[in-house]
1. Within segment 80-114, name every residue whose backbone N is under 14 Å away from a label modeled 7 Å from Cα of L258 along the Cβ vector.
2. Please compute the length gained on full extension between T170 and E127, using 0.36 nm multiplied by the number of residues separating them and subtracting their Cα-Cα distance.
3. On a full-extension model of 0.36 nm per residue, what is the gain between E453 and T180, subtracting their alpha-carbon distance, rounded to one decimal in nm?
4. What list of ³J(HN,Hα) couplings, whole Hz, do you get for segment 200-210 from phi and the Karplus terms 6.51, -1.76, 1.60, once you set θ to phi - 60° and write x for glycine and proline?
5. Can you pull the one-decimal nm distance between simple spin-label points at E109 and N62, each 7 Å off the Cα toward Cβ?
6. List every residue whose amide H lies under 5 Å from the amide H of G463, counting only residues 5 or more places away in sequence or on a different chain, with H placed 1.01 Å from N in the peptide plane.
7. Averaging sequence separations of C-alpha pairs under 8 Å and six or more residues apart, then dividing by the length of the chain, give the relative contact order as a whole percent.
8. Averaged per residue, what accessible area in Å² does the chain show with a 1.4 Å probe, protein chains only?
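The values are calculated or read from the model by the stated rules, or taken from the named source; none is laboratory data. Since this is a predicted model, take the numbers as computed values, not measurements. Neighbour counts run over all protein chains shown; Cβ positions are idealised from the backbone, glycine included. When the accessible area is computed, the model is the full protein with side chains, heavy atoms only, and any ligands, DNA or RNA have been set aside. Shrake-Rupley method; radii C 1.70, N 1.55, O 1.52, S 1.80 Å.
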Amino acid sequence: MFRNPEFYAVGVALILTGCGGGDVGTEAGPSENGSVLDVVSEATGVVGLESITYAGTAQTINRSYLQTLEASPPWPMYEISDYSRTIDLTLPASRATGSMLHGGVFLREPTEQPYLQDIPENQTNWESQSEIWLTPWGFLRGAQMYEAEVGTASIGGTEYTTLTWMSPATQTSPSGMRYTVTGYINDQNLVERVETQVEHVIMGDLTLAAVYSNYEEMDNVMVPTSIVHERGGATAFTASVASADANPADLMASLAPLPEGGGGGLAGLFGSVGDAAVEEIYDGVYLFGGGYVAMIVEFNDFLVVFEGGAQSESRGQQVLAGVRAAFPDKEIRYVVNSHFHADHSGGLAAWARAGIPILTHQENVEYMRMALSTPRTLLGEPTMNPTIEGMEDVMVIEDDMNRMEIVHIPNPHAQHLLGVYLPNYSHFHQADLTLFPDDPTPAHIAFAERVQELGMEFDTLTGVHPPREPESDQDVLIALQ
């Protein structure tokens with residue numbers, strides 16, 4: 001079950017009991033900011049530490065955050081072999097490398113792919129830079145630089161001394177707030193947990209945390225051999241550390257600038273937000289272009305918009321404004337979300353803020369409600385109370401003007417994927433299942449199986465990502481041959 005970060009803190013009995021010092025039963029029991037930091041720094045071995053390399057094996061979330069098979073955790077993980085990470089605490093900068101087997105978001109035959117997490121010098125994006133500050137050594141360096149305050153806390157009945165510091169005044173969230181980092185110090189004066197929050201267009205104030213255990217001394221520095229990273233209260237990365245070098249001699253080579261790559265990613269494959277245009281393809285049925293393609297289905301007294309919240313909040317606002325301009329006198333009954341993946345739900349906040357109900361698969365309702373109702377203080381936005389409704393197999397919306405069938409397509413790309421069937425026009429509109437006729441993937445085969453199971457016939461297939469050439473139900477069914 002996907003946990004709201006705010007609820008998660010309550011669930012583990014996180015109770016802040018002060019921020020000006022206090023005794024939580026540690027052996028050292030320091031009460032002044034400087035002495036706490038000095039004791040912990042000495043115990044950890046970070047005095048004089050400017051850089052570190054550690055290596056072992058790791059696991060990372062299957063595909064990426066908010067791109068998984070299901071919205072709620074636990075999420076499957078990829079194994080990373082030959083994992084190594086170098087951190088320069090003075091810049092700061094970091095690079096982690098490794099190798100893993102995966103087949104991408106469409107589950108092609110797995111192949112060996114490089115793993116890379118690169119945080120270059122002067123990276124000011126907090127979500128990226130926090131990957132350094134969340135490490136035990138980065139956290140303590142930040143505590144030294146930014147005047148950490150001492151407090152106490154209890155997690156699950158265990159008492160901790162806490163150190164809390166804030167990002168510099170020049171590094172703030174969209175609301176103008178500085179970011180806060182809190183570390184939890186155990187009775188051995190070692191950093192057991194570090195957490196912060198970042199702004200997220202879907203998740204609001206998203207909690208990032210790192211949990212450390214089984215420390216061993218390596219090259220005169222205390223190194224956790226077990227590392228677990230959480231996003232929103234669920235595991236997104238783990239590492240088992242076998243070795244570490246303090247102030248490594250090959251630091252410059254390990255962090256040398258990478259050659260510029262072609263990139264492109266999803267935006268390069270599917271296009272970006274551009275000039276929006278509404279095209280009527282049948283009586284009362286429209287496609288809204290200029291980015292991920294939305295479908296508008298008109299009924300006598302209302303509209304239903306399919307995939308109006310894709311890509312980004314600005315795109316969601318663009319589609320919403322365009323629909324209202326084109327149909328000023330009609331209620332928007334639903335905006336239908338095809339699936340929870342970030343690039344298909346990144347604009348839903350615009351619709352939720354406008355009070356328009358979001359329709360998704362029933363299994364995604366809890367996640368969507370949690371995500372969009374999480375406080376959004378870092379974004380400088382009020383907390384929302386979204387209306388999220390769910391459907392399961394096939395939902396029919398019909399009057400004497402149009403018939404729209406919203407169809408569940410169980411799929412290994414996203415388990416609870418929705419598409420739109422317009423039987424009166426022999427038309428199907430879908431997300432992420434635009435075909436690769438010469439090379440069908442498991443995702444496309446599952447789509448074909450669903451088309452066959454429901455006996456759907458259509459002469460035209462359109463998509464949130466437009467097909468490269470006209471397609472029909474027969475083109476879809478080729479995947480089963």
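1. 84-86, 94-100, 113-114
2. Using 0.36 nm per residue and subtracting the Cα-Cα distance, I get 13.9 nm.
3. 93.1 nm
4. Computed from phi, the couplings for segment 200-210 are 9, 4, 9, 8, x, 7, 8, 7, 10, 9, 10 Hz.
5. 2.1
6. Q430
7. 13
8. 42
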